[in-house]
Amino acid sequence: MAARLAEQIFDGLVQFDQTLTVSPALGRFWKASRDGLTWTFSLRQGVRFHHGRELTSEDVVYSITRLLDPRLRSGAAEPFAMIRGAREFP
């Protein structure tokens with residue numbers, strides 16, 4: 001239930017469309033490294049927080065780092081658990 005609520009409030013880098021195909025959200029486009037271990041996202045321009053500041057890549061890094069912080073015990077961290085190194089991060 002909480003995850004569905006969060007999806008209504010917060011945007012991710014990608015989203016699923018009506019056919020469950022991954023489509024752009026805050027990330028305009030993305031590219032994987034040859035080995036598939038590193039993904040680089042280009043952020044949509046003009047995305048602003050409620051107070052007017054524009055979204056930056058540092059904001060995305062902060063959000064993911066915060067999710068993975070074991071001290072917070074975030075239930076939202078579970079989908080990231082399959083990513084190599086996530087459990088050891090930060």
Q.
Is there a quick way to get the dipole size of the chain? I mean about its Cα centre, with the Cβ of Lys and Arg at +1 and of Asp and Glu at -1; what is the value in debye to the nearest 20?
A. 80
**Q.** Residue-averaged 222 nm ellipticity for the chain, from DSSP H runs of 4+ at -39500 (n - 2.57), nearest 500
**A.** -6500 deg cm²/dmol
Q. Chymotrypsin sites (Phe, Trp or Tyr not before Pro) within segment 49-90: which are DSSP loop residues with at most 12 other Cβ atoms inside 10 Å?
A. F49
Q.
Rounded, prolate or oblate for segment 1-52? Axes are the square roots of the Cα gyration tensor eigenvalues, ordered a ≥ b ≥ c, and the cut-off for rounded is a/c under 1.5.
A. oblate
Q. How high is the FRET efficiency from E78 to T56, r the C-beta distance, R0 25 Å, rounded to 0.05?
A. 0.45
Q. Which percent of the accessible area of the chain is formed by carbon and sulfur heavy atoms (probe 1.4 angstrom)?
A. 58
Q | D_trans [Stokes-Einstein, Kirkwood Rh over alpha-carbon pairs] for the chain, 25 °C, 0.890 mPa s, µm² s⁻¹ | A | 167
**Q.** Local electrostatic count at S63 - Lys and Arg +1, Asp and Glu -1, tallied over other residues with Cβ under 12 Å
**A.** -3
Q: Please give the net charge around H50, taking every other residue with its beta carbon less than 14 angstrom from that of H50, where Lys and Arg add +1 and Asp and Glu add -1.
A: -1
Q: Could you check which residue among G75, G36, G27 shows the biggest mean-square fluctuation in a GNM of the chain with a 10 Å Cα cutoff?
A: G36
Q. For K31 and A86 in the same chain, what is the full-extension length gain: residue separation times 0.36 nm, less their Cα-Cα distance, in nm?
A. 17.8 nm
**Q.** DSSP loop trypsin sites (Lys or Arg not before Pro) with at most 11 other Cβ within 10 Å: longest gap in the chain
**A.** 1-33
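The values are calculated or read from the model by the stated rules, or taken from the named source; none is laboratory data. Keep in mind that what you see is a predicted model, and the values were worked out from it rather than measured. Backbone-built Cβ (ideal geometry, glycine too); neighbour counts: all protein chains shown. For the accessible areas, the whole protein counts, side chains as well, though only heavy atoms, and no ligand, DNA or RNA atoms are used. Shrake-Rupley method; radii C 1.70, N 1.55, O 1.52, S 1.80 Å.
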